[in-house]
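Everything below concerns the one structure shown next.
The values are calculated or read from the model by the stated rules, or taken from the named source; none is laboratory data. All values derive from a computational prediction rather than experimental measurement. In this analysis, Cβ positions are derived from the backbone assuming ideal geometry, glycine residues included, and neighbour counts consider all displayed protein chains. Quick note on the areas: whole protein, heavy atoms, side chains included, nothing else; ligands and nucleic acids left out. Shrake-Rupley method; radii C 1.70, N 1.55, O 1.52, S 1.80 Å.
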Amino acid sequence: MKIIVFSKNNCQYCTKAKSLLNSLNLEFDEVKLEDFSNVQDFIDEIGKQVRTMPQIKIDGDLVGGYHQLIEYFDDKGLVNFKGEKIERRQER
């Protein structure tokens, strides 16, 4: 799974998204908004104009922001609707 987190400085939800990915032991690349030379380059990289940060791509598909990331992993049974990791019980 290739994950890219597009973030910006002093962004609370960017920090939450990265913490969620870390709690799931998932590796990701971080790309800072401030590293783009202009807004259009950022829009081209994301694939559309967005109003919020972070923006997360998984395997080349734009998932969206922090809440969409929770939904993505909730659908996979890895977190609950609050973004808390679901501990799996070992079967005997």
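The residue list Ile86, Thr15, Gln40 was ranked by how far each Cα lies along the charge dipole of the chain toward its positive end, using unit charges on Cβ atoms, and Ile86 comes out on top.
Just so you know, the Cα atoms of the range 1-83 work out to an Rg and Dmax of 12.3, 38 Å.
Could you work out what % of the accessible surface of the chain is carbon and sulfur, using a 1.4 angstrom probe and leaving DNA, RNA and ligands out of the count? Before the final figure, lay out the partial values.
On the way: 2740 of 6520 Å².
Looking at the chain in its full context, I get 42 percent from C and S.
The residues of the range 1-43 present an accessible area of 63 Å² per residue when probed at 1.4 Å with all protein chains retained. Each peptide in 9-15, 37-43 was scored by the mean count of other Cβ atoms within 10 Å over its residues; highest first, the order is 9-15, 37-43.
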